Amino acid sequence: MANGAGSGAGGGERQPAVLEGVLERITYANEENGYTVARVDTGRGGDLLTVVGALLGAQAGESLRMEGRWGSHPQYGRQFTVENYTTVLPATIQGIRRYLGSGLVKGIGPVFADRITLHFGLDTLRIIEEEPKRLVEVPGLGPKRTRRIAEAWEEQKAIKEVMLFLQSVEVSTSIAVRIYKKYGDASISVVRNQPYRLASDVWGIGFLTADRIARAVGIPHDSPERVKAGLQYALSQSTDQGHCFLPEERLIADAVKLLQVDTGLVIECLAELAAPAEDGAEPGVVRERVPGPDGGEQVTAIYLVPFHRAELSLSAQLLRLLRTGEDRMPGFREVAWDKALSWLGDRTGAELAPEQEAAVRLALTEKVAVLTGGPGCGKSFTVRSIVELARAKKAKVVLAAPTGRAAKRLAELTGAEASTVHRLLELKPGGDAAYDRDRPLDADLVVVDEASMLDLLLANKLVKAVPPGAHLLFVGDVDQLPSVGAGEVLRDLLAEGGPVPAVRLTRVFRQAQQSGVVMNAHRINAGQQPVTDRLDDFFLFVEDDTEEAGRLAVDVASRRLPARFGLDPRRDVQVLAPMHRGPAGAGTLNGLLQQAITPARPELAEKRFGGRVFRVGDKVTQIRNNYEKGANGVFNGTVGVVTSLDADEQRLTVRTDEDEEVPYDFDELDELAHAYAVTIHRSQGSEYPAVVIPVTTGAWMMLQRNLLYTAVTRAKKLVVLVGSRKALGQAVRTVSAGRRCTALDFRLAGGRES
């Protein structure tokens, strides 16, 4: 893969030149900036030529007229660097057939391309453009497919126009397609006149891309519109890091660094953003005095409106549930606990430990409660006991968890139906829920497992839907990583002096003490080195070199563990990396694991998209919430396997871990990433028979105790650490730095409740 624009030109080869040819294949494309490496057929016989540069929007099968310069790359030889290009409709029957069969026009694959060009010859493209109804003359093309081809042709032309406009500002193909899908014919007008709208309206366009477009269309560097957009971007970046707000001084400093403008201008624009709009619209941000993240002196907090509203709402709803006089399970107020627990012991075949018993009583008598504790401490059995007793009293029990895998596990454990929180609430496009305060769930007891994963926005939607008088139990391990989204809900619920009663299970049961995974999870959580010898379920493969450790992790996951323990490398083994980047990061390891587990084969369908290749059999994960997909949306972190690829329909299908078949158009593939390796953050709420964890000095900044603890607790049976003892020591020693900026605990403890 050529990764430079051709340096070291041979004598006189740097003169401007023109090259015409058919784009045969794209070998590399950077989705961020459109930089592409491709192979072109000039029609003169001989080998394909390599071209590099911003071939934005060009697709295999298209005839291109490229302007640029010849050069030579020390590793890849002679190549043409493209400075700009135009699409030229092909002029030969072979070219037309290749063009149509490339998947460029949805509904036409290689088979129909052959039939159409056989029927219409050189007139093919004119027919599609001017007389598309005549396509029904082609055997096998009915009116329905003909209409779809005509629509796809028109859309392709319109997208091309938008792409040509965006080419000068280096916006990637997939983003140009998204802009067109969002705004249609108004795309160019929005991009030219309101570029900062793109950052909030179109997924995948952040402030930096919008800013580049704004600069290209002439918006000044110190424009108030730019500064306000930058402030909102800095706040939204902080929510991506888990904060619900930023202290004002920190936000101003971040914005000055980002925007490279005067502090005074940033302060002015922030004041304008926080002021009520003259037309009665909401302000852009909310300013409020709250305690700082370390619980110390008050700071002026700046919130994006949805996060401020959610924090106020969540605290108010929790206090409402706690204080209501109604009780949908009144039978447990007067229950004879000795009898009830004796009946339960007969039913489950096991006795509850005293702290488990306390948790059962708490959940069934208090309106809101928290059950927390580490692995092997009996959280699962306690939950099963609570559900058994509630159902014995004919209570309507609703069980939910943030992920499909966690919901499945909860259902297996209790023998009752469980669903993801998203499905339970029937979240709709835009994120609104079918169930809320006005239409609550029909439930007497709501149990939410893996509650450490609940972010502020989702927790607020869930608690809103709990009817007054129902009991709500949060179950989770507070020592794990906090949620991927903003907030630290479980920790805030457990804050000292707060109104929510809680039980923490601390005793590790004898059966669990036999497990090296459980023992070492508790050792890591206590700041002690894990034991890595003389255990048959917990191993350390020492390798100090980061790159070699990455390769070793791949070998262990794809070959050694499956051979020794009879595991399926795709279904049973998960590689969990501390970070995405780097030689032992999830990105690199995914490529190596795909080569090992789902390698290219002539008969195996595949689709190249940007820098990735998707194949039937690939393990993939969704990387954004998409409320439009599937029965009730497909959410960030959903994992599945690619089951089919249809080149004619330009569609790939994924069977998710919730057993739902979800189709993806090829232009939506930037919503999917490979999941042979995932970051530890993305693994929350999931459990796997075996996990392989690269722990290397290359991930030094990420090595923290709760990260390693979370990774180890994902394993049901087996953990393999691969890396250096030094990196492992760093991870065990380092307690994560500082709390997230949230004020939920303050509001619950008697701050504002409105």
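The values are calculated or read from the model by the stated rules, or taken from the named source; none is laboratory data. In this text, all values refer to a predicted model and were calculated from it rather than measured experimentally. Neighbour counts are summed over all protein chains in view; Cβ atoms, including those assigned to glycine, are modelled from backbone coordinates with ideal geometry. Protein only, heavy atoms only, side chains kept; ligands, DNA and RNA dropped before computing areas. Shrake-Rupley method; radii C 1.70, N 1.55, O 1.52, S 1.80 Å.
Report whether or not Glu450 is of a type in the set (Asp, Glu), in contact with a strand residue (DSSP E or B) (Cβ under 8 Å, 6 or more places away or on another chain) and buried (at least 24 other Cβ atoms within 10 Å of the Cβ).
Numbers: of a type in the set (Asp, Glu): yes; in contact with a strand residue (DSSP E or B) (Cβ under 8 Å, 6 or more places away or on another chain): yes; buried (at least 24 other Cβ atoms within 10 Å of the Cβ): yes.
Yes: the conditions hold for Glu450.
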*Inside region 194-231, can you point out the residues that are in contact (Cβ under 8 Å) with a residue 24 or more places away in the chain, farther than 12 Å from Leu265 by Cβ and assigned to a loop (DSSP other than H, G, I, E, B)?*
Pro195, Tyr196, Val202, Trp203, Gly204, Ile205, Gly206, Val217, Ile219
*Assess whether Val692 counts as being of a type in the set (A, V, I, L, M, F, W, C), open to solvent by less than 20 Å² (accessible area, probe 1.4 Å) and either within 23 Å of Gly729 (Cβ to Cβ) or part of a helix (DSSP H, G or I) (or both).*
yes
*Within the bounds of region 613-624, is there any residue that is modelled with pLDDT under 85 and surrounded by 21 or more Cβ atoms within 10 Å (Cβ to Cβ)?*
no
*So which residues in region 632-681 are buried (at least 18 other Cβ atoms within 10 Å of the Cβ), of a type outside the set (A, V, I, L, M) and in a strand (DSSP E or B)?*
Gly640, Thr656, Tyr664, His674, Thr679
*Go through region 330-449 and tell me which helices (runs of 4 or more DSSP H), entirely inside it, have 1 or more residues that are modelled with pLDDT under 90.*
337-348, 404-414, 421-425
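Can we say Val335 is more than 21 Å from Leu744 (Cβ to Cβ), β-branched (Val, Ile, Thr) and surrounded by 14 or more Cβ atoms within 10 Å (Cβ to Cβ)?
yes
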*Can you name the condition, by its number, that Gly68 falls short on among (1) open to solvent by less than 80 Å² (accessible area, probe 1.4 Å); (2) over 18 Å from Glu24 (Cβ atoms); (3) free of Cβ contacts under 8 Å to residues at least 60 places away in the same chain?*
(2)
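In this structure, is Val18 open to solvent by 60 Å² or more (accessible area, probe 1.4 Å), among the aliphatic types (A, V, I, L, M), farther than 26 Å from Asp665 by Cα and modelled with pLDDT of 75 or more? Steps first, please.
Numbers: open to solvent by 60 Å² or more (accessible area, probe 1.4 Å): yes; among the aliphatic types (A, V, I, L, M): yes; farther than 26 Å from Asp665 by Cα: yes; modelled with pLDDT of 75 or more: yes.
So Val18 fits the description; yes.
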*Positions within region 698-746 being more than 24 Å from the chain's Cα centre (by Cα) and of a type in the set (D, E, K, R), in sequence order*: Lys717, Arg725, Lys726, Arg733, Asp745
*asked:* Can you tell me which condition Gly729 does not meet? The list is (1) without any contact (Cβ under 8 Å) to a residue 12 or more places away in the chain; (2) assigned to a helix (DSSP H, G or I), and all the others hold.
replied: (1)
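Against the condition more than 32 Å from the chain's Cα centre (by Cα) and either part of a helix (DSSP H, G or I) or of a type in the set (Asp, Glu) (or both), how does Arg145 come out, does it pass?
Values: more than 32 Å from the chain's Cα centre (by Cα): yes; either part of a helix (DSSP H, G or I) or of a type in the set (Asp, Glu) (or both): yes.
Criteria met by Arg145.
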*For region 77-129, how many residues are open to solvent by 80 Å² or more (accessible area, probe 1.4 Å) and either touching a residue at least 60 places away in the same chain (Cβ under 8 Å) or not polar (S, T, N, Q) (or both)?*
11
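Residue by residue through region 232-262, note down the ones that are of a type in the set (S, T, N, Q) and either in contact (Cβ under 8 Å) with a residue 60 or more places away in the chain or not in a helix (DSSP H, G or I) (or both). Even if it seems obvious, please write down each step before you answer.
Residues of region 232-262 that are of a type in the set (S, T, N, Q), as a first pass: 232, 236-239, 241, 260.
Correct list: Gln232, Ser236, Ser238, Thr239, Gln241, Gln260.
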*asked:* Could you go through region 163-170 and let me know if any residue there is at pLDDT 85 or above and open to solvent by less than 60 Å² (accessible area, probe 1.4 Å).
replied: no
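A quick yes/no check of all residues on (1) in contact with a helix residue (DSSP H, G or I) (Cβ under 9 Å, 6 or more places away or on another chain); (2) under 22 Å from Gly685 (Cα atoms); (3) not aliphatic (A, V, I, L, M):
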{"position": "Ala359", "(1), (2), (3)": "yes, yes, no"}
{"position": "Lys367", "(1), (2), (3)": "yes, no, yes"}
{"position": "Cys377", "(1), (2), (3)": "yes, yes, yes"}
{"position": "Val383", "(1), (2), (3)": "yes, yes, no"}
{"position": "Val387", "(1), (2), (3)": "yes, yes, no"}
{"position": "Thr403", "(1), (2), (3)": "yes, yes, yes"}
*Per-region count, region 41-79, residues charged (D, E, K, R), under 20 Å from Pro90 (Cα atoms) and outside any loop (DSSP other than H, G, I, E, B)*: 3
*Regarding Glu248, is this residue of a type in the set (Asp, Glu), more than 30 Å from Leu672 (Cβ to Cβ) and open to solvent by less than 60 Å² (accessible area, probe 1.4 Å)?*
yes
_Selection status of Asp572, within 14 Å of Val692 (Cβ to Cβ), of a type outside the set (Val, Ile, Thr) and open to solvent by less than 30 Å² (accessible area, probe 1.4 Å)_ = yes
*Pull up region 296-329, narrow it to residues that are over 15 Å from Pro467 (Cα atoms) and without any contact (Cβ under 8 Å) to a residue 24 or more places away in the chain, then point me to the one that is surrounded by the most Cβ atoms within 10 Å (Cβ to Cβ).*
Arg309
*Please enumerate the residues belonging to region 130-147 that are over 14 Å from Leu89 (Cβ atoms), out of contact with any Ser or Thr (no Cβ under 8 Å at 6 or more places or on another chain) and surrounded by fewer than 17 Cβ atoms within 10 Å (Cβ to Cβ).*
Glu131, Arg134, Glu137, Pro139, Gly140, Gly142, Pro143, Lys144, Arg147
*For region 654-707, which residues satisfy the criterion of being within 21 Å of Gln595 (Cβ to Cβ) and among the β-branched types (Val, Ile, Thr)?*
Val654, Val678, Thr679, Val691, Val692, Ile693, Thr696
*Would you point out which residue out of Ala690, Ala647 is closer than 24 Å to Asp537 by Cβ and in contact (Cβ under 8 Å) with a residue 40 or more places away in the chain?*
Ala690
*Could you pull out every one of the helices (runs of 4 or more DSSP H) wholly within region 488-533 that has 3 or more residues that are open to solvent by less than 30 Å² (accessible area, probe 1.4 Å)?*
489-493, 516-525
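Rundown of residues vs (1) under 25 Å from the mean Cα position of the chain (by Cα); (2) over 29 Å from Gly373 (Cα atoms); (3) in contact (Cβ under 8 Å) with a residue 60 or more places away in the chain, yes/no style:
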{"position": "Leu535", "(1), (2), (3)": "no, no, no"}
{"position": "Ala549", "(1), (2), (3)": "no, yes, yes"}
{"position": "Leu552", "(1), (2), (3)": "no, yes, yes"}
{"position": "Ala557", "(1), (2), (3)": "yes, yes, yes"}
{"position": "Arg560", "(1), (2), (3)": "no, yes, no"}
{"position": "Ala563", "(1), (2), (3)": "no, yes, no"}
{"position": "Gly566", "(1), (2), (3)": "no, yes, no"}
{"position": "Pro578", "(1), (2), (3)": "yes, no, yes"}
*asked:* Looking at (1) open to solvent by less than 30 Å² (accessible area, probe 1.4 Å); (2) touching a residue at least 40 places away in the same chain (Cβ under 8 Å); (3) not β-branched (Val, Ile, Thr), which one does Lys428 not meet, given that it meets all the others?
replied: (1)
